[in-house]
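Data block below; observations after.
The values are calculated or read from the model by the stated rules, or taken from the named source; none is laboratory data. Fair warning: this is a prediction, and the values are worked out from it, not measured in the lab. A quick note on method: Cβ atoms are made from the backbone with ideal geometry, for glycine too, and the neighbour counts reach across all protein chains shown. For accessibility, only protein heavy atoms count, side chains too; no ligands or nucleic acids. Shrake-Rupley method; radii C 1.70, N 1.55, O 1.52, S 1.80 Å.
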Amino acid sequence: SAIYGAGVSGRRPRVPTDHRELERRARRACSPRAWAYVAGGAGTEATMRANRAAFDRRSIVPRTLRDVSRRDLGVELFGRRIPAPVLFAPVGAVELVHPEADLAVARAAAELGLPYVFSNQACVPMEDCAAAMGDAPRWFQLYWSTDEDLVDSLLARAERSGAEAVVVTLDTTMLGWRPRDLDLGSLPFARGEGIAQYTSDPRFREMVRERVARGSGGEDVRITFAAVRALLSMSRRFPGPLLRNLRSPEPREAVRTFLDTYSRPSLTWADLASLRERTKLPIVLKGVLHPDDARRAVDAGVDGVVVSNHGGRQVDGSVAALDALAEIAPLVGAELTVLFDSGIRSGGDVVKALALGADAVCVGRPYVHGLALAGAAGARDAVADIVAELDLTLGLTGHASPAELTPDVLRG
Ligand code: FNR
């Protein structure tokens, strides 16, 4: 109603309320390299299109003459009541789009009281984000490293930072084939964006020091005059990370250590058992798409899943996340907290995901678009708009709370 009130009084919103316009404006606010990273998907981006098509194929059948004057969007996740079934998805390397990066997102999420899932590839250490959030809810997303001590260190930091759940991302054992990034010849992390969660970690720093001591950075120190000039001219366009990386071999070794250790392709279900013993936090598996994997998640004793294809960034030609949700939620919804992401752009989309059995949804790119346009306030407004439209759509379809949404609300 605040958003409508502003409209009636003739004030324009800070970020466009139409997500297509939001995306267009965000694109103009970003460097080509930042936009390639944020907007891009795997391969031909068929999965990104499939994600949207799965929403568009389903329609909501509104009901009438039910008292919807009092609506409550609140849901409970792992014992914590949140005002709406919406989370800020973990998104790495956001300093590419705005200098305040994760800190701005932390403030945005805290203002809305919605959980922010700190990315393992954040540009601001989780401790700093947590400090900016008061007692607002936050979770931590883990990429299971090849180094077990690093996993333990990250988990301990997450617990100390007040994280209320750990989200283990399973679909990124390797980075997907992303032509937009590849064709620019510059994956974000190569210049050190998105590795502050690591470089602020005591165990990671120890690993880097060991590498430097072994002298594995030797050949990199011999930089030719021409290379220095080229790098400096680039750094005027992208200051910050690159300059930091040039000062000594240590930061360059940090990037290499990160690339070598951030994720473990050999991970199996057997490894999960150890995680259960290593943290008291609820464990949520992100990137589950096959019904059998959802059943295995139940057997593994985890607490939740995020049905997600990583916003179409990992496997080109993958099943649409919403179609996977329709299969998975009926199977495991009684035993697990079922979250959903990949393609949510509007309140109506949230209604569809909830109707198919999601307990809550995560939003990725839309808040990054808001962040690119207007920092913390932009990220906040982009998500607040989705929540406001969810509230209206819920009421206009004859429902007073998310719990009232069931599959028969949808056709198609
Ligand atoms: C992501 N995503 C992601 N996921 C994760 O577990 N850790 C991460 O660091 C990142 N980083 C990341 C960067 C960018 C630029 C994007 C767009 C996405 C995936 C993210 O959590 C979520 O699954 C998708 O963004 C959801 O899809 P939509 O909402 O972007 O369509």
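With respect to (1) within 13 Å of the ligand (Cβ to nearest atom); (2) within 26 Å of Leu410 (Cα to Cα), the lone exception for Ala101 is condition (2). Across segment 313-331, which residue is surrounded by the most Cβ atoms within 10 Å (Cβ to Cβ) among those that are small (Gly, Ala, Ser) and within 14 Å of Asn51 (Cα to Cα)? If we take residues in segment 313-331 being small (Gly, Ala, Ser) and within 14 Å of Asn51 (Cα to Cα), then Ala321 is surrounded by the most Cβ atoms within 10 Å (Cβ to Cβ).
When Arg107, Arg160 are checked against the criterion of being without any contact (Cβ under 8 Å) to a residue 40 or more places away in the chain and more than 15 Å from the ligand (Cβ to nearest atom), Arg160 stands alone in meeting it.
From the list His310, His290, the lone residue that is at pLDDT 95 or above and surrounded by 22 or more Cβ atoms within 10 Å (Cβ to Cβ) is His310. With respect to (1) in contact (Cβ under 8 Å) with a residue 60 or more places away in the chain; (2) open to solvent by less than 30 Å² (accessible area, probe 1.4 Å); (3) in contact with an Asp or Glu (Cβ under 6 Å, 6 or more places away or on another chain), the lone exception for Glu95 is condition (2). Taking segment 337-371 as the range and being more than 15 Å from Phe55 (Cα to Cα) and away from the ligand (no atom under 14 Å from the Cβ) as the test, the residues that pass are Thr337, Val338, Asp359. When each of Leu22, Leu87 is tested for being within 14 Å of the ligand (Cβ to nearest atom), in contact with a Cys (Cβ under 6 Å, 6 or more places away or on another chain) and of a type in the set (A, V, I, L, M), the lone residue that passes is Leu87. Here Ala355 fits the description: open to solvent by less than 10 Å² (accessible area, probe 1.4 Å) and on the phi < 0 side of the Ramachandran plot. Open to solvent by less than 20 Å² (accessible area, probe 1.4 Å), in a strand (DSSP E or B) and either hydroxyl-bearing (Ser, Thr, Tyr) or modelled with pLDDT of 95 or more (or both): does that describe Trp139? Judged against the criteria, Trp139 is a match.
Are any residues in segment 370-394 open to solvent by less than 10 Å² (accessible area, probe 1.4 Å) and either at pLDDT below 95 or not aliphatic (A, V, I, L, M) (or both), and if so, which ones? Listed by number, the residues that qualify are Gly370, Gly375, Gly378.
Quick check on segment 110-125: of everything there that is touching a strand residue (DSSP E or B) at 6+ places or on another chain (Cβ under 7 Å) and either of a type in the set (A, V, I, L, M) or free of Cβ contacts under 8 Å to residues at least 12 places away in the same chain (or both), which residue is farthest from Phe204 (Cα to Cα)? Out of the qualifying residues, it is Leu114. Only a single criterion out of (1) farther than 21 Å from Gly333 by Cα; (2) within 16 Å of the ligand (Cβ to nearest atom); (3) crowded, with 19+ Cβ neighbours inside 10 Å; (4) at pLDDT 95 or above is not satisfied by Tyr262, namely (4). Filter segment 281-315 down to the residues that are farther than 17 Å from Leu142 by Cα and of a type in the set (Lys, Arg), then identify the one that is farthest from the ligand (Cβ to nearest atom). Of everything passing the filter in segment 281-315, Arg295 is farthest from the ligand (Cβ to nearest atom). Among the conditions (1) under 25 Å from Ala355 (Cβ atoms); (2) within 15 Å of the chain's Cα centre (by Cα); (3) open to solvent by 10 Å² or more (accessible area, probe 1.4 Å), Val86 misses just one, which is (3). Across segment 267-280, the number of residues qualifying as more than 16 Å from the ligand (Cβ to nearest atom), in contact (Cβ under 8 Å) with a residue 24 or more places away in the chain and outside any helix (DSSP H, G or I) comes to 2.
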